[in-house]
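First comes the structure, then the notes that go with it.
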Amino acid sequence: MSYTITVFGLGFVGLTTALAFAEKDNKVYGFDMDAERVKMIKAGKLPFAETELDTALLRHINKNFTVTEEPEYAVKKSDFIFLCVGTPCGEKGEADLKYLYSAIDMMASVLNDNKYRVLVIKSTVPPSTTLEGVIPYLEEKQLSVGDKFTIANNPEFLREGHCWEDMINADRIVCGVYDEKGEKMLQSLYENFHIPFFAVSLNTGEFIKYLSNTLLATMISYSNEMTKIADAIGGIQIKKAFNILHLDKRWGGCNMTSYVFPGCGYGGYCLPKDTQAMYEKAVSKGYEPKILENVIRVNNIMPKFMADKIIKIANKTDTIGMLGLSFKPGSDDVRDSSTAKIIRILLDEGYNNIVAYDPIANKPFAKEYKFNEVNYCNSIKSLCDKADILVLATAWDEFRDIDKKYPSKKIIDCRYFLGWQSDDSSDDYPL
Ligand SMILES: NC(=O)c1ccc[n+]([C@@H]2O[C@H](COP(=O)([O-])OP(=O)(O)OC[C@H]3O[C@@H](n4cnc5c(N)ncnc54)[C@H](O)[C@@H]3O)[C@@H](O)[C@H]2O)c1
């Protein structure tokens, strides 16, 4: 069965969703508010680095996938509307849902016509948002769910750097549904993905996403806390200790071990905001989650822990070379990057000679953070020629042997990355 689908928001999740449905022979319209992003996608160019998504875009643009500037027209024709807009961290740490509601405003006038549709929230929203926020919002607009349209959520579990593979070959598809009709339509839409499909209640669908992200954040903060303990005791080979831990058969060789590894804190778009939003949601419902509170606290102290290691060996006249600016290897996403937090501390402490290099994230980092004091280099060599101290902040594969190539340099390895065997599988490297 082939459907017509409109996707709101063409970021990592929305563009991947749109192209995956196009790949499965649906007709897909995509809409985004960001004019620069729209222009690039229309020209067949990805607005961010993402392997395999570039070729999927070229396969489908202006064929099964059309970028539209008329969202109402697209919604009118569609059987499904997927909301994939951002849900950033609000002022008090809560999920800010303004983009979600603005997208709903844009389609509200169309939802009451005689075509039956499924409105699907794919953005990450805290449990109870659909029932207690979105449905009442629609009702205020005289749009009653279950009558002419239904609502569902469909959390996304993809990892940046693996967006296409993670969506096309997902481990599971989860849909929080309002009614049976919505469940059946979603099941039919996903049928030719041949992936285990689970229909659950609306709140459960939303909860599962946070179950996943807060567990990942917890494993990272756990590893970082243990590393701080090891550091305080002394004489502990941290990399070796974690590598040996990973050999335990109870992990079953799963890729989750890459999260049970120390570093300079989790970053990126999702783990920081989702852990914080889940904490705030629990507090607003009368429960103070102690584990999450400390997961966040440990994460917040990690950049200072690393900066202190640098400060211990650096003079204020030294040039400090930051290797890696994106929040993880394989991505040019610099949102909530640990490197930015370390640089901020160094600048505040008067270490003003900083050079930086990332294989693909120099430009987005410079645009996002506007550190006037930082000079960007276009190769590892040019950075190493200038720097007195090297700080390995993102575990890019091309940094693997800098300790051997530059044996005279002092190196702070924030990712416990150097000295790994070259045959370590790439999925097992530290995040
Ligand atoms: N990035 C990830 O790895 C990932 C993984 C799973 C889930 N998520 C969740 O998916 C959602 C989207 O994340 P993302 O990384 O794709 O975000 P993103 O910032 O890359 O993209 C969001 C897009 O939405 C657009 N937008 C905002 N308001 C709009 C509107 N009213 N109409 C149309 N477009 C609008 C923005 O211009 C932007 O292009 C978030 O809730 C996020 O938490 C992200």
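General remarks:
- Computed extension gain for Arg250 through Lys184, at 0.36 nm per residue and net of the alpha carbon distance, reaches 20.1 nm.
- Over segment 304-431, relative contact order from alpha-carbon pairs under 8 Å, at least 6 apart, %: 29
- Using a probe of 1.4 angstrom and keeping all protein chains present, the accessible surface of the chain works out to 45 square angstrom per residue.
- 5 angstrom amide H check on Ile354, placed H, neighbours 5+ away: Ile320, Asn375
- In summary, the lysines within cross-link reach of Lys405, defined as a Cα separation below 30 angstrom excluding same-chain residues under 8 places away, comprise Lys228, Lys239, Lys240, Lys304, Lys309, Lys312, Lys316, Lys328, Lys341, Lys363, Lys381, Lys386.
- Partnerless cysteines, meaning none of the other Cys C-beta atoms lie under 4.7 Å away, in the chain: Cys84, Cys89, Cys163, Cys175, Cys254, Cys270, Cys377, Cys384
- Estimated [θ] at 222 nm from DSSP helical runs (n ≥ 4, -39500 (n - 2.57)) normalised by residues in the chain, nearest 500: -12500 deg cm²/dmol
- If the chain linking Ile360 and Gln142 were pulled fully straight, counting 0.36 nm for each residue of separation and taking away their Cα-Cα distance, it would gain 73.7 nm.
- Between Ala241 and Glu165, the modelled label-to-label distance comes to 3.1 nm, taking each label 7 Å out from Cα in the direction of the beta carbon.
- As a length-normalised measure over Cα pairs under 8 Å and 6 or more apart, the relative contact order of segment 60-196 settles at 20 percent.
- Most mobile of Ile151, Ile343, Ile238 in a GNM of the chain (Cα contacts under 10 Å): Ile238
- Put a dot 7 Å past the Cα of Lys316, heading toward its Cβ, do the same for Ala232, and the two dots end up 3.1 nm apart.
- Trypsin sites (Lys or Arg not before Pro) restricted to DSSP loop in segment 315-360 with at most 15 other C-beta within 10 Å: Lys316
- Projecting label points 7 angstrom from Cα along Cα→Cβ for Glu132 and Lys63 puts them 4.6 nm apart.
- 5 angstrom amide H check on Asp332, placed H, neighbours 5+ away: Ala49
- Summing charges over neighbours of Asp79, with a neighbour being any other residue whose Cβ is under 10 Å away from its Cβ, gives +4 when K and R count +1 and D and E count -1.
- In a DSSP loop and with at most 13 other Cβ atoms within 10 Å, the trypsin sites (Lys or Arg not before Pro) in segment 218-290 are Lys285.
- Whole-percent carbon and sulfur share, accessible surface of the chain, 1.4 Å: 52
- Relative to the longest principal axis of the Cα atoms of the chain, the long axis of helix 202-233 lies at roughly 0 degrees.
- The chain: most fluctuating residue of Cys264, Cys384, Cys254 per GNM, C-alpha cutoff 10 Å: Cys254
- Of all the options Thr55, Thr339, Thr150, the one that moves most in a Gaussian network model of the chain with Cα springs shorter than 10 angstrom is Thr55.
- Value of relative contact order over the chain, rounded to a whole percent, pairs C-alpha under 8 Å and six or more apart: 12
The values are calculated or read from the model by the stated rules, or taken from the named source; none is laboratory data. Here the structure is a predicted model, which is why all the values come from computation and not from measurement. Positions of Cβ are generated from backbone atoms using ideal geometry, with glycine treated the same way; all protein chains shown enter the neighbour counts. Surface areas here come from the heavy atoms of the whole protein model, side chains and all, with no ligands, DNA or RNA. Shrake-Rupley method; radii C 1.70, N 1.55, O 1.52, S 1.80 Å.
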